[in-house]
Amino acid sequence: MTDDTRSHPFRDSVQDVAATHRIPDTPQTRAPAYRLAFTDTDFLMREELRPVRLQLELLKPQMILDERGIKSTIVLFGGARIPRPEHAETARTPVLGALSKYYEEARRFARMMTERSVESYGREDVIVTGGGPGVMEAGNLGAHEAGGQSIGLNIVLPHEQAPNAYVTPDLSFNFHYFAIRKMHFLMRAKAICIFPGGFGTLDEMFESLTLIQTKRMKPVPFLLFGRSFWERVLNWEALAEAGTISPEDLDLFQYVETAEEAMAAIDGFAQPCT
């Protein structure tokens, strides 16, 4: 930052951080209390600073995505354990191996959507995934094959997890808070695509559906890939029959099987009357 670009007359933080590297080495300057608060990691990790960390985790991706001019996203949720088709025979269960076809559909769908995105200079319909393996990798791979950018919203887990190799590096984010991560998934969502998955996928699906059902979020195309999988896992009609959801809530989502069906569903989506 230079004096010409600053919107205020005060000395900026970058200059002061640089200045701290030149101060004399004394017992006072070595003491933790003397560190600039915003450069003091130990201070920022204190329990009392949780609200600040939440705000930072919200702001960092928001500012970067705004700077990149990304206006809308296509969200892909799905299982990290879904294998590539060529690895289907080595999957931990036969059922999981059979689900490998959805890796291919996620890849094809992301590629088709990204081909459209690049027509808007990569600002609209940008693929966003959790940035990990399985369906997430397939989504980022498809976008990469189309020559476009894609977003990965990773999260720190107890076991080692690195972003897949196809996330655009400058759009690869890491989170501590699940809640803030899920918020970023939906803030620009133009469509939500749910592929077979486990607890994480179910959590993301139900939170998204709840926001739409309760009108905390505008309706968007909500696509469940794989009717046979989802009808086996969830008895939606039983919820409606029991009265725990309304019959019209079943219209919040629709089933698709292929990338082409998903594209057609998004293009044909009609905003419900309110």
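Values in this text are rule-based calculations from the coordinates and carry no lab data. Only a predicted model underlies this, so the values are computations on that prediction, with no experimental measurement involved. For neighbour counting, all protein chains shown are included, and Cβ atoms are generated from backbone atoms with ideal geometry for every residue, glycine included.
Before moving on, here are some points about what is shown:
- Residue among A189, A179, F222 farthest towards the positive dipole end of the chain, charges placed on Cβ: A179
- Considering only I23, I212, I82, the mean-square fluctuation computed in a Gaussian network model of the chain, springs between alpha carbons under 10 angstrom, is largest for I23.
- Note on E47 and R35: the extension gain reaches 2.5 nm, defined as 0.36 nm multiplied by sequence separation minus the Cα-Cα distance.
- Efficiency of FRET from Cβ geometry, T90 and F269, R₀ 35 Å, rounded to 0.05: 0.40
- Low-density loop positions, GluC sites (Glu not before Pro), the stretch 174-274 - DSSP coil, at most 16 other Cβ in 10 Å: E257
- Positive-end ranking of Q28, M45, F10 along the dipole of the stretch 5-80, with charges on Cβ about the Cα centre, is headed by F10.
- Ordering of 31-43, 127-139, 174-186, 98-110 by packing [mean C-beta count within 10 Å, highest first]: 127-139, 98-110, 174-186, 31-43
- Look at the alpha carbon pairs under 8 Å that are at least 6 residues apart: their mean separation over the length of the stretch 70-267 gives a relative contact order of 22 percent.
- GNM top mover of K71, K190, K218 - the chain, alpha-carbon springs below 10 Å: K218
- A full extension of the chain between Q254 and Q161 corresponds to an added length of 30.3 nm, given 0.36 nm per residue minus the alpha carbon distance.
- Aspartates and glutamates with Cα under 17 Å of K71, excluding same-chain neighbours fewer than 8 positions away: E115, E119, E124, D125, D170
- Applying both filters, DSSP loop and at most 11 other Cβ atoms within 10 Å, to the trypsin sites (Lys or Arg not before Pro) of the stretch 196-253 gives K215, R216.
- Residue order, fewest to most beta carbons within 10 Å, for S117, S208: S208, S117
- Residues L49, L223, sorted so that the one with the fewest Cβ neighbours within 10 Å comes first: L49, L223
- Estimated [θ] at 222 nm from DSSP helical runs (n ≥ 4, -39500 (n - 2.57)) normalised by residues in the chain, nearest 500: -12000 deg cm²/dmol
- Relative contact order computed over the stretch 170-274 (Cα-Cα under 8 Å; 6+ residues apart), in percent: 27 percent
- When the Cα convex hull of the stretch 108-160 is projected onto planes of every orientation, the mean area is 3.5 nm².
- Projecting the Cα atoms of F199, V233, A265 onto the charge dipole of the chain, computed from C-beta unit charges around the Cα centre, puts F199 farthest toward the positive end.
- Across T168, T73, T90, mean-square fluctuation computed from a Gaussian network of the chain (C-alpha pairs under 10 Å connected) peaks at T90.
- For the chain, a simple Cβ point-charge model (Lys and Arg +1, Asp and Glu -1, everything else neutral) yields a dipole of about 540 debye relative to the Cα centre.
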